[in-house]
1. State yes or no: is B:A75 out of contact with any helix residue (DSSP H, G or I) (no Cβ under 9 Å at 6 or more places or on another chain) and within 8 Å of chain A (Cβ to nearest Cβ)?
2. Which is within 22 Å of B:G34 (Cα to Cα) and either within 14 Å of chain A (Cβ to nearest Cβ) or touching a strand residue (DSSP E or B) at 6+ places or on another chain (Cβ under 8 Å) (or both), of B:L179, B:L155?
3. Out of all the residues in segment A:159-179, which are at the interface with chain B (Cβ under 9 Å from one of its Cβ atoms) and over 13 Å from B:N96 (Cα atoms)?
4. So B:N112 passes all but one of these: (1) within 26 Å of B:T41 (Cα to Cα); (2) not in a loop (DSSP other than H, G, I, E, B). Which condition number does it fail?
5. Can you confirm whether B:A107 is within 14 Å of chain A (Cβ to nearest Cβ) and either part of a helix (DSSP H, G or I) or more than 17 Å from A:K178 (Cα to Cα) (or both)?
6. Only one of these conditions is not met by A:A208: (1) under 30 Å from A:A58 (Cα atoms); (2) among the aliphatic types (A, V, I, L, M); (3) not in a helix (DSSP H, G or I). Which number is it?
7. Hey, does segment A:22-37 have a residue that's under 30 Å from A:E179 (Cβ atoms) and either in contact with a Pro (Cβ under 8 Å, 6 or more places away or on another chain) or hydroxyl-bearing (S, T, Y) (or both)?
8. Looking at this structure, is A:S125 exposed (fewer than 12 other Cβ atoms within 10 Å of the Cβ) and among the polar types (S, T, N, Q)?
Amino acid sequence: MRNFPPEIVMEAVANGLLTGAVYGLVALGLTLVYGVLHIINFAHGALLTLAMYAAWVAWAAFGLDPYVAILPLVPIFFALGYGVQRLVIGPASRGEDSNILLVTLGLSIVLENAMLAIFRSDTLSVQVDYAMEVIEAGPMLLSFPRVVGFGVAFVVAAVLFVLLRMTDTGRAIRAVAKERTGAALVGIDVGHVYAVTFGIGTACLAVAACLLLPSFYVNPRVGNAFVLVAFTIVVLGGMGSVPGALLGGLVIGVVESLSGLYLGDSLGQLGIFVIFILVLLFKPTGLFGARA
Amino acid sequence: MLEVRDLVAGYGLTRVLEGVSLDVTAGEIVAVLGSNGAGKTTLNMVLSGLVKPRSGEVRFAGERITGLSPAQVMARGLIQVPEGRKIFPNLNVRENLELGSYRRAKANRAKNLEKVFATFPRLRERVAQAAGTLSGGEQQMLAIGRGMMAEPKLLILDEPSLGLSPLLVEEMFTLIRRLHGEGLAIMLVEQNVAQSLDLADRAYVLEHGAFALAGPAAEVRENPELKRAYLGL
């Protein structure tokens, strides 16, 4: 193993943390949907791809900076997620969890191929003048888009935390997650809460897409790469745990960055899946997982 | 206040309720008794809109509520405290109570919260504790308190004494008497025959999905049929 000067290692850790926050944001949507609806949303990756295309279109057709595009895309994707759960996944599943699995898988195939038909398999990206900018933090050079991503991811997490703790809707979401019958008996419309939760998860993807776009490319399958990492984060953080998703994202970001440094860029993801297997072997409930 | 007529309900191929009719009038305590599997909980599920009946009618305060959603039923003031409490274990005591007024009586939330704390001082002591960590008795208090937060017109209590120590059962029945004393109509669904009959104005005894006995509590208590219907002797 090579020896790197400490500032290089520090920079790798910092960049890992920055990227990890955005990973955490992708995982946040996944874990929230799992925690409340008790389903694995296989359409998460395709929805992320869709959001990235939406941000690209906002830039290419309307000249919107990806960061500005967050504002219109969040409500649009919330509505999209709400509608998908209420009109497609909910009715098609008929209360069977195994059906939901298939419905979300089918949805992802339809979405991916629709995007393939519309945008072709070419890789698209946006050109913004800050894409290559760096911020000097002491001896470290940090990429500007990643710093923004980190900040926004934490703002989103904080907003979500307040929403879940302080508002009736948020409490209803947490109530439905653990006790559906009790929730129905206090007058909570469980179907509505499911759809709101799915909408929030999808809105998180819209934010993540806008944060990723300045430094990543888009193609019809790009979302899957992120969601694979997000699954690992969800398992590491504890299925259904919101703080777990964020912390797990940071850990995974650092692991990826450090294994990229020591093992070479192409093997950066190796560390992630080693962690995945280790967690499953030794702490299957994850960092913040509920006791079985 | 509550009128149930010829209710038939079940799950899949199984029929659980075979034509049940009952009434609860304002200010009354009505006991619905029956052994395990007699259909008590299914009856409550139908009344609250969680299970759709196959036929029959439920009217509440003069309005037909058959087929309404649980939210619509509880918005009308028919509140159920379910069997097994069904509190939110991951939420703290205050959040549980506040969600009791999620759809009804939200404007009076602060006032009703004080009222519930006055009735159950134990809940005030545990206000920030996760509900899942409460003892069984405290969880039952919380479930009733959550029901009270919605300002019920009729409160359905499903097996409030289940799983409680004899001392706590006594306390629970004292509490139900007190709530009734404040003018609340209560439908008490219980396995605990003697204490329920002491408390109730009238009683129904459910057996195999139909009422085997009905009448004033004192008469039901003296009826030799009670033992047969209840114990299956």
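1. Details: out of contact with any helix residue (DSSP H, G or I) (no Cβ under 9 Å at 6 or more places or on another chain): yes; within 8 Å of chain A (Cβ to nearest Cβ): yes.
For B:A75, the condition - out of contact with any helix residue (DSSP H, G or I) (no Cβ under 9 Å at 6 or more places or on another chain) and within 8 Å of chain A (Cβ to nearest Cβ) - is met.
2. Working: B:L179 fails: within 22 Å of B:G34 (Cα to Cα).
Every option except B:L155 fails the conditions.
3. Listed by number, the list holds a single entry, A:A177.
4. (1)
5. On the way: within 14 Å of chain A (Cβ to nearest Cβ): yes; either part of a helix (DSSP H, G or I) or more than 17 Å from A:K178 (Cα to Cα) (or both): yes.
The answer is yes for B:A107.
6. (3)
7. The first filter runs over segment A:22-37 and keeps only residues under 30 Å from A:E179 (Cβ atoms), leaving A:24-37.
Still in the running and either in contact with a Pro (Cβ under 8 Å, 6 or more places away or on another chain) or hydroxyl-bearing (S, T, Y) (or both): A:31, A:34.
There is at least one residue in segment A:22-37 that is under 30 Å from A:E179 (Cβ atoms) and either in contact with a Pro (Cβ under 8 Å, 6 or more places away or on another chain) or hydroxyl-bearing (S, T, Y) (or both).
8. On the way: exposed (fewer than 12 other Cβ atoms within 10 Å of the Cβ): no; among the polar types (S, T, N, Q): yes.
Considered against the rule, which asks whether it is exposed (fewer than 12 other Cβ atoms within 10 Å of the Cβ) and among the polar types (S, T, N, Q), A:S125 comes out as no.
The values are calculated or read from the model by the stated rules, or taken from the named source; none is laboratory data. Here the structure is a predicted model, which means the values were calculated and not measured. Cβ sites come from the backbone with ideal geometry, for glycine too, and all protein chains shown count toward neighbours.
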